[in-house]
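Student: Structure below; questions to follow.
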Amino acid sequence: MQLNVNANENINGTLVLPLWQGSETMAEGSEAGVHRNLKNQVDNVLSNGDFKAKTGSSMTLAGLDEGKALLIGLGKPEDATEQSMREAGAKVIAARGKIHGTTLTIRFHGLEDSHMASFVEGMSLRDYSYDRYKSKDEDEEEESELVIHVTCEPDKVSDLAAATRLSSAVATGVHLARDLGNAPPNDLYPQAFAKQAVEFAVNHDNLEVTVISYDQAIDMGMGGLVGVGMGSERKPCMVIFELNGDKPGPSPCIVGKGITFDTGGISIKPSASMDEMKYDMHGSATTFGVIAALAESGWDERVVAVTCMAENMPSANAQRPGDVIKTYSGKTVEVLNTDAEGRLVLSDGLWYAGTHLDPSYIIDLATLTGSIVVALGHEATGLWSNDDELLANIKAAGEHCGEIAWPMPLFKAFEKEITDSKIADTRNLGAGRWGGSNTAAAFLKQFVPERDGEQIPWAHLDIAGTAWGAKTNKLVKHGATGIHVRTLHHLITGQ
């Protein structure tokens, strides 16, 4: 998508009119450059109540020699939020068909700056498809890039252009995360992810990527990562990102679970919907996406990230229920279920992050438990933290971006339950099915290192319900969502 912000009166291609509910005419000042007959058509539709401009509605006026118009409903002004404006912008892309062409002119007049910026952001986020594996007919023409001219009052052009540049940069990180999440597991496996990260760094002078191979992980004692991935022919690895590494001092650190395909291992999953387990690496997809968004938006402070990549497969070499492994921290884990594998790879990633990367805080993301989907559905991500301030900041950043992160408990009882193994320091499963997402978070907490006698500030985001399949998420058509790339970009940069 190419976005141009200006104040001229030209109408290029299809005119897009965002309208408040109850509007009976075009907004004052928005008529400039619009052919009289097209304006009359719009005003007639509005005054007759044929288009009420309710939230989520759209209407196309076509067949006119004087041009086409796409009307977008904004709902009632008093109900408007930045998220409703994002969804209205996304509606432009969702409603656009061949009849509208690939050139649009958005006519903003009388809208708040933040509302206009959010509307454009919604368009950028929804302008995504994953069709690289679809064949095209020989006579099928490839559609040109979508060009959108955004027009507003002259005194608002500069601020809106700056906001548009930022949202477009962040959207590249969201789209990268979606690409990674949607990729089929036969093509995206641990080393393929690592290769893509290395190639990305080649094009960014301020980014360094280091890959810890399977053999290196064995030598370093990363029993969590090794144990999960050793059953697959495609061996595990850990990918370390360091953005602006020349800047001193503790820095934000993001850690992602990256199970490129999860069969459940020996504790094999039911076959129904197992194809969706390609999404089990979305924590790492988001982590890579955050780094990309920061790089593209020009962030110049140090940020580090770790992705824990493995494929969980059953084989003669696979980890077994009943095994005891020694993690990178030195703590041992009794493996009660090989399908509780994400927490094992994260145990090594969290310890590595805390002991090698000088983090100011650590945030991990993982499609960790089905329990969080039972608790929160597809509407919110579960959020746990050992630090109240960090929790509050993540929650606020999520609300700002329309990506809800809902606080969940880290009761001592959950920690006691997860450390109640008879033969090891910890166990990778709670005593029963109740509170499964909470015991999983309590397990991860055991692998957050201390600094100066206290644990490093840490938060865990369980994105199992929000990383894909969220039908109410209007900013994505289907598949991977790229969830929390925007949240974490905003948390880190304040932008």
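Every read-out reported here was derived from the displayed coordinates using simple, explicitly stated rules and does not represent laboratory data. Owing to the predicted nature of the structure, the values given are computational and were not obtained by experimental measurement. As a convention, Cβ positions derive from the backbone with ideal geometry for all residues, glycine included, and neighbour counts pool all protein chains shown.
Student: 5 Å is the cut-off here: which amide hydrogens, built 1.01 Å from N in the peptide plane, fall below it relative to residue 232, excluding neighbours closer than 5 in sequence?
Tutor: 313
Student: Find how many whole Å separate the alpha carbon centroid of the stretch 97-153 from the alpha carbon centroid of the stretch 481-495.
Tutor: Spelled out, the Cα-based centre of one part sits 22 Å from the other.
Student: Mind ordering 171-179, 142-150, 72-80, 399-407 by average Cβ neighbours within 10 Å, highest first?
Tutor: Working: 171-179: 24.0, 142-150: 15.1, 72-80: 16.8, 399-407: 19.3.
For the peptides 171-179, 142-150, 72-80, 399-407, the packing ranking is 171-179, 399-407, 72-80, 142-150.
Student: For residue 480, what residues show an amide H to amide H distance below 5 Å, using hydrogens built from the backbone and excluding near sequence neighbours?
Tutor: Under 5 Å from the amide H of residue 480 lie the amide H atoms of 182, each far enough along the sequence or on another chain.
Student: If the reach is capped at under 17 angstrom between alpha carbons, list the lysines near residue 416, excluding any in the same chain fewer than eight residues apart.
Tutor: Result set, ordered by chain and number: 331, 445.
Student: Which value results when the Cα radius of gyration for the stretch 183-493 is divided by 2.2 N^0.38 Å? Walk me through the numbers on the way to the answer.
Tutor: Numbers: Rg = 17.6 Å, N = 311, 2.2 N^0.38 = 19.5 Å.
Compared with the compact-globule rule of thumb, the stretch 183-493 sits at 0.90.
Student: When the Karplus curve 6.51 cos²θ - 1.76 cosθ + 1.60 is applied with θ = phi - 60°, which whole-Hz ³J(HN,Hα) does each residue of the stretch 157-168 get, with x for Gly and Pro?
Tutor: These are the phi-based 3J(HN,Hα) values: 4, 4, 5, 5, 5, 5, 5, 5, 4, 5, 5, 5 Hz.
Student: Amide H of residue 387 versus every other amide H placed in the peptide plane: which residues, excluding those fewer than 5 positions away on the same chain, fall under 5 Å?
Tutor: Residues meeting the amide H criterion: 458.
Student: For the stretch 302-342, state which GluC sites (Glu not before Pro) are in a DSSP loop and have at most 14 other beta carbons lying within 10 Å of their beta carbon.
Tutor: Numbers: sites: 311, 334, 341; in loops: 341.
Nothing satisfies the criteria.
Student: Once you have the Kirkwood Rh of the stretch 294-408 from its Cα pairs, apply Stokes-Einstein at 37 °C and 0.692 mPa s and quote D in µm²/s.
Tutor: Working: Rh = 16.7 Å.
Once the numbers are plugged in, D ends up at 196 µm²/s.
Student: Note down, for the stretch 230-373, the three equivalent ellipsoid semi-axes (square root of 5 times each alpha carbon gyration tensor eigenvalue), biggest first, whole angstrom. Working shown, then result.
Tutor: Values: eigenvalues 170, 60, 28 Å².
They are 29, 17, 12 Å, listed from largest to smallest.
Student: Please list the three semi-axes, largest first and in whole Å, of the ellipsoid equivalent to the stretch 18-112, using sqrt of 5 times the eigenvalues of its alpha carbon gyration tensor.
Tutor: Working: eigenvalues 79, 51, 30 Å².
Result for the stretch 18-112: semi-axes of 20, 16, 12 Å.
Student: Let me ask you something else. Take the alpha carbon atoms of the stretch 308-369, find their center, do the same for the stretch 273-296, and report the distance between the two centers in whole angstrom.
Tutor: 17
Student: Under the Karplus relation 6.51 cos²θ - 1.76 cosθ + 1.60, θ = phi - 60°, what is the ordered set of whole-Hz ³J(HN,Hα) values for the stretch 182-188, x standing for Gly and Pro?
Tutor: With coefficients 6.51, -1.76 and 1.60, one gets 7, 4, x, x, 6, 9, 10 Hz.
Student: Which of the aspartates and glutamates could a cross-linker span from residue 326 if the Cα-Cα distance has to be under 15 Å and same-chain partners fewer than 8 positions apart are dropped?
Tutor: Within the straight-line limit of under 15 Å, residue 326 reaches these aspartates and glutamates: 219, 334, 341, 348, 425.
Student: I need the phi-derived Karplus couplings for the stretch 329-345: 6.51 cos²θ - 1.76 cosθ + 1.60, θ = phi - 60°, integer Hz, Gly and Pro marked x.
Tutor: Those phi angles translate into 6, x, 6, 9, 10, 7, 8, 8, 8, 6, 8, 9, 9, x, 5, 6, 5 Hz.
Student: Continuing with the same structure: What number comes out for the charge environment of residue 320, summing +1 per Lys or Arg and -1 per Asp or Glu over other residues with Cβ under 15 Å away?
Tutor: Working: positive: 427; negative: 323, 334, 339, 341.
Residues close to residue 320 contribute a combined charge of -3.
Student: As I understand it, the value is the acute angle between the Cα axis of helix 190-202 and the longest principal axis of the Cα atoms of the chain; what does it come to in degrees, rounded to 10?
Tutor: Approximately 60 degrees, to the nearest 10.
Student: To continue, here is another question. With Cβ to Cβ distances under 13 Å as the rule, what net charge do the other residues near residue 8 carry (K, R +1; D, E -1)? Numbers along the way, then the final one.
Tutor: Working: positive: 107; negative: 9, 153.
My count for the surroundings of residue 8 gives -1.
Student: Would you list which lysines come within 17 Å of residue 474, measuring only between C-alpha atoms, while excluding same-chain residues fewer than 8 positions from it?
Tutor: Correct list for residue 474: 54, 91.
Student: For the stretch 183-493, what is the relative contact order in percent, using Cα pairs closer than 8 Å and at least 6 residues apart in sequence? Walk me through the numbers before you get to the answer.
Tutor: Values: 736 pairs, mean separation 63.7, N = 311.
Reported relative contact order: 20 percent.
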